[in-house]
Amino acid sequence: MNPFSSGTRLRDMIRAIRACKTAAEERAVVRKECAAIRASINENDQEYRHRNLAKLMFIHMLGYPTHFGQMECLKLIASAGFPEKRIGYLGLMLLLDERQEVLMLVTNSLKQDLNHTNQYIVGLALCALGNICSAEMARDLAPEVERLLQFRDPNIRKKAALCSIRIIKKVPDLAENFINPAAALLKEKHHGVLITGVQLCTDLCKVSSEALEHFRKKCTEVLVKTLKDVANSPYAPEYDVGGITDPFLHIRLLRFLRVLGQGDADASDSMNDILAQVATKTESNKNAGNAILYECVETIMSIEDNGGLRVLAINILGRFLANRDNNIRYVALNMLMKAISVDAQAVQRHRATILECVKDSDASIRKRALELVYLLINESNVKPLTKELIDYLEVSDQEFKGDLTAKICSIVEKFSPEKIWYIDQMLKVLSEAGNFVKDEVCHALIVVISNAPDLHGYTVRALYKAFQASSEQESLVRVAVWCIGEYGDMLVKNVGMLDVEDPITVTESDAVDVAEITIKRHTSDLTTKAMALIALLKLSSRFPSCSERIRDIIVQQKGSLVLELQQRSLEFNSILEKHRNIRSALVERMPVLDEATFSGRRAGSVPTTLSPSTMASVKVPNGVVKSAAAPLVDLLDLTSDDAPAPSSSSGDFLNDILGVDLSPASAHSGASQAAKNGTDVLMDILSLGTPPAQSSSSTPDIFSLSQNQKSPVASLDGLSTSSPVSARAASSQAASSIIDLLDGLGPSPPAPENNGPAYPSVVAFESSSLRVMFDFLKSPGNPQITVIKATFTNLSSNVYADFVFQAAVPKFLQLHLDPASGNTLPANSSGTVTQTLRVTNSQHGKKSLVMRIRIAYKINGKDVLEEGQINNFPREL
Amino acid sequence: MIHFVLLISRQGKVRLTKWYSPYSQKERTKVIREISGLMLHRGPKLCNFVEWGGLKVVYKRYASLYFCMCIDPEDNELETLEVIHHFVEILDRYFGSVCELDLIFNFHKAYYILDELVIAGEIQESSKKTVARLISAQDSLVEAAKEEASSISNIIAQATK
């Protein structure tokens, strides 16, 4: 005998492991044992194989790797004796799962064992097959299992039935083979076979409508009779649980009847009597009885309508709800959720009790009850229910506040009868649990506030008061700071007082205090601080007397460690110092935010990237910037509804606040940053679609010299055109102060290298009116990057004005667009516009380039939009 | 259906795991960690159900051991409690007033019993007596095989003396 492999007995190993005082000691013991087992496996030691496997299972349970023992399971299963097979199958089920390829090797042994003369061995094989078989094994072994459904011993039949469930779940096509043998099981007397047979039939109905029809026609009566027999059976000690005969069989029969009765009036009708009997006669003082009642109620609720039965069921639920046992109350709440669709009125009657459950000490019950309350709310009861929930918010556990807040916000948003109520409730939630309120809820609130001009004064005063009371709630602070920035003057002058309000005295300096406290507090996060900074800028124009103080606060942020704040502080300071004349126009109140586009925007976006051309701005309907770096932009960018937004990078938030394209020069750098920043902005541009009317509203503004428009957009456009030479030249050396202010980075067009391999030019796009040629250049050092020179030729006899080229690429590509050579395309191919694109292909060699393009231009002031997809790129790009 | 069965001691040690749905080794470790965290921290008077990742965990504490089964959200929680109790009663009958130590040293026996009770995540036998009879029949098969083996080795030993 091998002295190394003899090892210790299983019992001794367990003792040794249990004696370990530290995890390190345990690891050492396990390592030693594993080494011994490995050695023994290598020796192919048969005598200790099953002991080794038993040890491995224990080690596996402790969480150590045991894959090296998998083959031992197979060897044990293949050996002849029952003890070896028993432990082998156990190991197989424990150490492997259906996704391991090794499992396929056992198919043959399983097949032999399913045909074994020893019924216990057949049982082992069925059990293993039922627990871990894969789809392939299910296909291979289904005929054997089907045959075993008629085996003489009931214990094999019941195992085969459960095994069939696994098989039809893995391969639903096989269901029809099992319908007849399964139906035969329903006539049995043996409880085990009945339970498993009913379960098999239920699962067959889930995967096959043919099975459902068959059982509905042939078996409903048999099942009703069986249920009657079980329900009325005298005391049977073997199956008795708390005075009830075989609750497991009860429950399975009720569940199967539910499947049969759903959507079929006749079947439902035939089971009414027995359901009524079960619902009235079952003892409800023990868990087993309640389990049956619970299942029975669910069946009554699901089958076709029978008024009397439903009343019975709702009454049972009412009794459950009043029960002192938490388990019973939990299932009652669970069931009431389903009952709501059947009889909402009856559930409403229990509203008070349900509301109490929201305040339960048990998290599971609270969660269920809250879901239920949420479903119970309608226009008529929203006010009292919301009040209850908000009152409870004050005293609830921290971990429950998140769920509760989300639900309250959603209720308030969905059912609010009037805006003032909505704003009031939201302010209460923000003051109580502002830290749990999600960003989009705050955005929605701001949109609503913005849309309620007669409540601006009221809201800002209420927010000011709330801020004084609970300034540690981040979301509250954000909304407060935003509103004070926008409507600060109303706060101070008590504009738009409502009757319900008490007048308050707030000085201009008090309002500035709010922003100052926020920006200086260490716990404020970047978004909040950035919002406070903007609020300050806005207040500087609203409160000229505080202007100096505000400038001091802004200047202090020059030293901020956060680049974003530092840069903004410098820029804002510059606005305050050098551009007093435009300041008031710059920081005018935001236009009313459009509710419809806001809600549409929340629906989501399409994952495509798009780089707009730099020569003209693109109108962005709510350009969302979903970037962790500056979530603020998201909020502020709402203005871009009414203004042509530049293709800004997510960091560029001055642009976004103002929502304007400042000049072609700044747009250049904006676009180049956008390309770098993974083009999140652009994604949304595309997903929202650009209306064809875009250019008519935006582009002329930029190039027109009209300075008499009152909107901030126009005044900025005016500015940019006041230095048209430098702006159009797009070079940083001639930068005017405004360009300097907004973006110090001048565009530096990359010099394409000319020594790459040559590729033939392609006609990327051609319509009756327009041709786009692509020339390719590739730098030899970097095969991923392709420089594309796009040449646009006008084939028609009209001049194209405001020519804009946009392109979108899939995620594996990165696209960078340089400025185009011009925005006017002369007629009859008499001239061209060129534009350089740089594409980086992260899947170079695997995927070739593809691109979608969109070209917009104007013929005699009329907008034309052309779109196309380019697939004919040379493969090796 | 039952997705898995876990037996976890009050100290968080795993005493038995049985998986009826495919979970990789990594997922299993994660599941066990999450569920023992949820379960062990709940107070004694609370209900026996915890919602977890779209499924429901039904658990019950017996002395120092938590028995826990994870089921689909539409399954009957109260019945699952009965299944757990059924399992415990069979264990009790088999070991004679079962304790945690019995399950540690005879973990394979506990698995054999569970295999007679549940297959493919569904209960297969409602009679405790039948389960006990099947287990003892198989145990005696093993005993018989052992005796036979030892008698053969005795014969060989005597023959080669």
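The values are calculated or read from the model by the stated rules, or taken from the named source; none is laboratory data. On a predicted model such as this, the values are computed, not experimentally measured, just so you know. Note that each Cβ is placed from the backbone with ideal geometry, even for glycine, and that neighbours are counted across all protein chains shown.
If you go through segment A:274-286 and keep only what is farther than 13 Å from residue A:299 by Cβ and not in a loop (DSSP other than H, G, I, E, B), you end up with A:280, A:281. Consider only pairs whose beta carbons are under 9 Å apart and that are at least six residues apart or on different chains; among these, list those whose first residue lies in segment A:54-79 and is on the phi > 0 side of the Ramachandran plot and of a type outside the set (Asp, Glu) and whose second residue is part of a helix (DSSP H, G or I) and at pLDDT below 90. Listed pairs, sorted by first residue: A:63/B:25.
Of the residues that sit in segment B:16-46 and are polar (S, T, N, Q) and at pLDDT below 90, which one is farthest from residue B:107 (Cα to Cα)?
Looking only at segment B:16-46, we keep the residues that are polar (S, T, N, Q), and these are B:17, B:21, B:24-25, B:29, B:36.
Those left that are additionally at pLDDT below 90: B:24-25.
Working: B:24: 22, B:25: 20 Å.
The extreme case among them is B:24.
Exactly one residue out of A:289, A:242 is surrounded by fewer than 22 Cβ atoms within 10 Å (Cβ to Cβ), within 11 Å of chain B (Cβ to nearest Cβ), within 27 Å of residue B:87 (Cα to Cα) and out of contact with any Ser or Thr (no Cβ under 7 Å at 6 or more places or on another chain), and it is A:242. Does residue A:380 count as in a loop (DSSP other than H, G, I, E, B) and closer than 20 Å to residue B:38 by Cα? No: the conditions fail for residue A:380.
Residue B:125 meets each of the listed conditions (1) facing another protein chain (nearest Cβ under 8 Å); (2) farther than 30 Å from residue A:296 by Cα; (3) assigned to a loop (DSSP other than H, G, I, E, B) apart from (2). Number of residues in segment A:186-224 that are away from chain B (no Cβ under 14 Å) and part of a loop (DSSP other than H, G, I, E, B): the value is 3. One residue stands out among those in segment A:498-533 that are among the aliphatic types (A, V, I, L, M) and touching a Lys or Arg at 6+ places or on another chain (Cβ under 8 Å): the one that is surrounded by the fewest Cβ atoms within 10 Å (Cβ to Cβ), which is A:504.
Might you check whether a residue that is under 23 Å from residue A:255 (Cβ atoms) and outside any loop (DSSP other than H, G, I, E, B) occurs anywhere in segment B:100-109?
No, that holds for no residue.
Looking for something over 23 Å from residue A:18 (Cβ atoms), more than 12 Å from chain A (Cβ to nearest Cβ) and in a helix (DSSP H, G or I) - is there at least one such residue anywhere in segment B:63-86? The answer is no; no qualifying residue exists.
Give segment A:844-875 a look and list any residue that's over 19 Å from residue A:806 (Cα atoms) and either surrounded by 13 or more Cβ atoms within 10 Å (Cβ to Cβ) or among the β-branched types (Val, Ile, Thr) (or both), or say none. A:844, A:847, A:848, A:874, listed by residue number. Quickly run through segment A:360-375 and pick out the residues that are away from every other protein chain (no Cβ under 14 Å) and either crowded, with 19+ Cβ neighbours inside 10 Å or within 20 Å of residue B:46 (Cα to Cα) (or both). The answer is A:373, and nothing else. Taking the conditions (1) out of contact with any helix residue (DSSP H, G or I) (no Cβ under 7 Å at 6 or more places or on another chain); (2) within 11 Å of another protein chain (Cβ to nearest Cβ) in turn, residue A:173 satisfies each one other than (2).
Among the residues of segment A:235-249, is any in contact (Cβ under 8 Å) with a residue 24 or more places away in the chain, more than 21 Å from residue B:78 (Cβ to Cβ), part of a helix (DSSP H, G or I) and touching a helix residue (DSSP H, G or I) at 6+ places or on another chain (Cβ under 7 Å)? No, segment A:235-249 contains no residue that is in contact (Cβ under 8 Å) with a residue 24 or more places away in the chain, more than 21 Å from residue B:78 (Cβ to Cβ), part of a helix (DSSP H, G or I) and touching a helix residue (DSSP H, G or I) at 6+ places or on another chain (Cβ under 7 Å). So residue A:162 fits all but one of (1) surrounded by 19 or more Cβ atoms within 10 Å (Cβ to Cβ); (2) more than 11 Å from chain B (Cβ to nearest Cβ); (3) closer than 27 Å to residue B:19 by Cβ; what number is the exception? Here residue A:162 clears every test but (2). No other residue among B:97, B:24 is away from chain A (no Cβ under 12 Å) and surrounded by fewer than 16 Cβ atoms within 10 Å (Cβ to Cβ) apart from B:97. Within segment A:542-552, is there a residue that is within 36 Å of the chain's Cα centre (by Cα), closer than 26 Å to residue A:443 by Cβ and touching a residue at least 40 places away in the same chain (Cβ under 8 Å)? Checked against the condition, which is being within 36 Å of the chain's Cα centre (by Cα), closer than 26 Å to residue A:443 by Cβ and touching a residue at least 40 places away in the same chain (Cβ under 8 Å), segment A:542-552 yields no hits at all.
In the condition set (1) under 26 Å from residue A:239 (Cβ atoms); (2) of a type in the set (A, V, I, L, M, F, W, C); (3) in contact with a helix residue (DSSP H, G or I) (Cβ under 7 Å, 6 or more places away or on another chain); (4) within 12 Å of another protein chain (Cβ to nearest Cβ), residue B:57 is compliant with all but (1). The set of residues in segment A:78-95 that are out of contact with any Phe, Trp or Tyr (no Cβ under 6 Å at 6 or more places or on another chain) and surrounded by 20 or more Cβ atoms within 10 Å (Cβ to Cβ) comprises A:84, A:85, A:86, A:87, A:88, A:89, A:91, A:92, A:93, A:94, A:95. Within segment A:319-339, if we keep just the residues that are surrounded by fewer than 17 Cβ atoms within 10 Å (Cβ to Cβ) and away from every other protein chain (no Cβ under 13 Å), the residue that is farthest from residue A:298 (Cα to Cα) turns out to be A:322. Does at least one position in segment A:170-184 carry a residue that is in contact with a Lys or Arg (Cβ under 9 Å, 6 or more places away or on another chain) and not in a helix (DSSP H, G or I)? Yes, some residue in segment A:170-184 is in contact with a Lys or Arg (Cβ under 9 Å, 6 or more places away or on another chain) and not in a helix (DSSP H, G or I).
Does residue A:227 meet the test of being hydrophobic (A, V, I, L, M, F, W, C) and within 14 Å of chain B (Cβ to nearest Cβ)? For residue A:227, the condition - hydrophobic (A, V, I, L, M, F, W, C) and within 14 Å of chain B (Cβ to nearest Cβ) - is not met.
Annotation for segment B:33-54: at least one member residue is without any contact (Cβ under 8 Å) to a residue 60 or more places away in the chain, out of contact with any Gly (no Cβ under 9 Å at 6 or more places or on another chain), away from chain A (no Cβ under 12 Å) and surrounded by fewer than 20 Cβ atoms within 10 Å (Cβ to Cβ).
Checking the conditions here, which among B:134, B:114 is in contact (Cβ under 8 Å) with a residue 60 or more places away in the chain and part of a helix (DSSP H, G or I)? Every option except B:114 fails the conditions.
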